[in-house]
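The values are calculated or read from the model by the stated rules, or taken from the named source; none is laboratory data. What you see is a predicted model, and the numbers here were worked out from it, not measured in a lab. Positions of Cβ are backbone-derived with ideal geometry, glycine not excepted, and every protein chain shown enters the neighbour counts.
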Amino acid sequence: METIQKIKGTHDILPDTSGDWRLLEKTIHRIMQRYGFQEIRTPIFEATNLFARGIGQLTDIVSKEMYTFEDRGKKSLTLKPEGTAPVIRAFIENSLGEKRPINKLYYISPMFRQENPQAGRFRQFHQFGAELIGSPEPFADVETILNVLDIYKSLGLSSFTIKLNSVGDENCREQYKNALRDYLRPRLSKLCKTCQERFESNPMRVFDCKEAGCIAETEAAPRMLDHLDQASADHFEKVCALLDQHQVAYELDYRLVRGLDYYTRTAYEVVSNALGSQNALGGGGRYDLLTQELGGKPTPAVGYAAGIERLLMVLREEKLLTDNSLSLDVFIASIGEKAQEWASKTARLLRDNEISADMDLLGRSLKAQMKEANRSNAKFALIVGEQELESGQLTLRNLQQSEQTEVNSADLVGAIRKHLDAKFK
Ligand code: AMP
């Protein structure tokens, strides 16, 4: 019979790598807690119009990449392609803003986008992200940047670059867009079809187009940073000054745009120096107008989203992952039925005492059981046959150092714990 295969662009995370995921998730939780961010978990699917409004009809995500389907009640649902819109929906729906003036929320979650799979680009992938909701201050922008950098640094990562820009706000952007349109109009025929199409609705997106022609035509175009009004310019200057004070290096990048109206002021991206074309590790910025766009009270906010698979790729590339697979404390190798029964009872006793234990479940030879103990990455093998049961003296073999000692069955838990502490702490 034909076997069923996983869907293109998805991955199984098998036991040989799930330990790396656990390490990463543990680090994220630890650093988030250090910053006072609290975890939020939102559903995997939402009403489609949340994303249409929360990300924008004109984005690639909404126009081309969403997994949208009708449920049996003919309601249009979408698997979440990103985390910010759901978090803000939950923030509004649960009146979190009325409970505290500042909400610092974070998530770790799978995301779904129907993109063309390639290295570092999948259809189900995972992101962690933080949203700092309620503060308009540059300090808040910087908190989120420091937070993501601390997560990277805690994992040992050092070769990345932070790109920074300001996309202005509703007070200065329209004027700037007009200046940009005036500049692009005589050059329109040299731009790609997509950029021509979004010339009226979303001219700033021309800056993140990867087509060589569009890049060349925009080298000398007017830049948002030169068209900020006083308030946005002051905000940007303060963000830069704070980053300087924290000795965080960054590069200004006028091509970093978030071409939607509810993104405001700060935009940033963290780029790995160790990845190829898909080198963006994460991106973020301020979105002061999103909450009201989704029907809530106007609430300033800033946040980022960062890819987990790409982070793992860099960590692997830079040899920063040690063996994170789980090891077993004790494998009980038994010879004979009575000993197997004893093994079952003893495994339970050890587990009750927080010592991980496993045993043979196939009635195998001692040699085969010792092989299994090694496959389980066990620290010790406890070897027991009829004779050992009678004498109460059992053999405890340290599998990683090939030494063995005798332990007494009367105080097995104490003896094993002592050996674990002496050799593996
Ligand atoms: P975005 O939400 O598009 O700003 O993406 C934030 C981060 O998520 C990116 O910098 C990537 O690290 C990661 N990411 C986005 N799309 C994908 C994808 N299709 N596959 C893997 N990682 C992705």
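Note on segment 96-105: residues that are assigned to a helix (DSSP H, G or I) and either outside the structural domain of residue 131 (by TED's automatic domain parsing) or more than 20 Å from residue 305 (Cβ to Cβ) (or both) amount to 3. Applying the condition of being free of Cβ contacts under 8 Å to residues at least 40 places away in the same chain and among the charged types (D, E, K, R) to segment 51-97 and asking which residue is surrounded by the most Cβ atoms within 10 Å (Cβ to Cβ) yields 80.
Scanning segment 379-425 for residues that are of a type in the set (D, E, K, R) and not in a helix (DSSP H, G or I), which turns out nearest to residue 348 (Cα to Cα)? Among residues in segment 379-425 that are of a type in the set (D, E, K, R) and not in a helix (DSSP H, G or I), the one nearest to residue 348 (Cα to Cα) is 379.
Conditions (1) surrounded by 16 or more Cβ atoms within 10 Å (Cβ to Cβ); (2) within 16 Å of the ligand (Cβ to nearest atom); (3) among the hydrophobic types (A, V, I, L, M, F, W, C), marked per residue:
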site	(1), (2), (3)
316	no, yes, no
319	no, no, no
337	no, no, no
345	no, no, no
357	yes, no, yes
393	no, no, no
396	yes, no, yes
409	yes, no, no
414	no, no, no
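Considering segment 266-301, and only residues there that are among the aliphatic types (A, V, I, L, M) and more than 11 Å from the ligand (Cβ to nearest atom), the residue that is nearest to residue 101 (Cα to Cα) turns out to be 301.
Taking every residue in segment 98-126 that is closer than 18 Å to residue 85 by Cβ and among the aliphatic types (A, V, I, L, M) and pairing it with any residue that is within 9 Å of the ligand (Cβ to nearest atom) and not in a loop (DSSP other than H, G, I, E, B), at least 6 positions away or on another chain, the pairs with Cβ-Cβ distances below 6 Å are 111/125; 111/127. Residues in segment 228-281 that are of a type in the set (S, T, N, Q), more than 27 Å from the chain's Cα centre (by Cα) and crowded, with 21+ Cβ neighbours inside 10 Å: 232 only.
Residue-wise test of (1) hydroxyl-bearing (Ser, Thr, Tyr); (2) out of contact with any Phe, Trp or Tyr (no Cβ under 7 Å at 6 or more places or on another chain); (3) outside the structural domain of residue 84 (by TED's automatic domain parsing); (4) within 23 Å of residue 111 (Cα to Cα).
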residue: 262; (1), (2), (3), (4): yes, no, no, yes
residue: 267; (1), (2), (3), (4): no, yes, no, yes
residue: 282; (1), (2), (3), (4): no, no, no, yes
residue: 285; (1), (2), (3), (4): no, no, no, yes
residue: 303; (1), (2), (3), (4): no, yes, no, yes
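Out of curiosity, is residue 306 surrounded by 14 or more Cβ atoms within 10 Å (Cβ to Cβ), within 16 Å of the ligand (Cβ to nearest atom), of a type in the set (Gly, Ala, Ser) and in contact (Cβ under 8 Å) with a residue 24 or more places away in the chain? Yes; evaluated as a whole, the condition is true for this residue.
Right, residue 108: touching a Gly at 6+ places or on another chain (Cβ under 9 Å), assigned to a strand (DSSP E or B) and β-branched (Val, Ile, Thr) or not? So residue 108 passes the test. Here the condition is being over 30 Å from residue 376 (Cα atoms) and among the hydroxyl-bearing types (Ser, Thr, Tyr); of 3, 78, 10, it holds for 78 alone.
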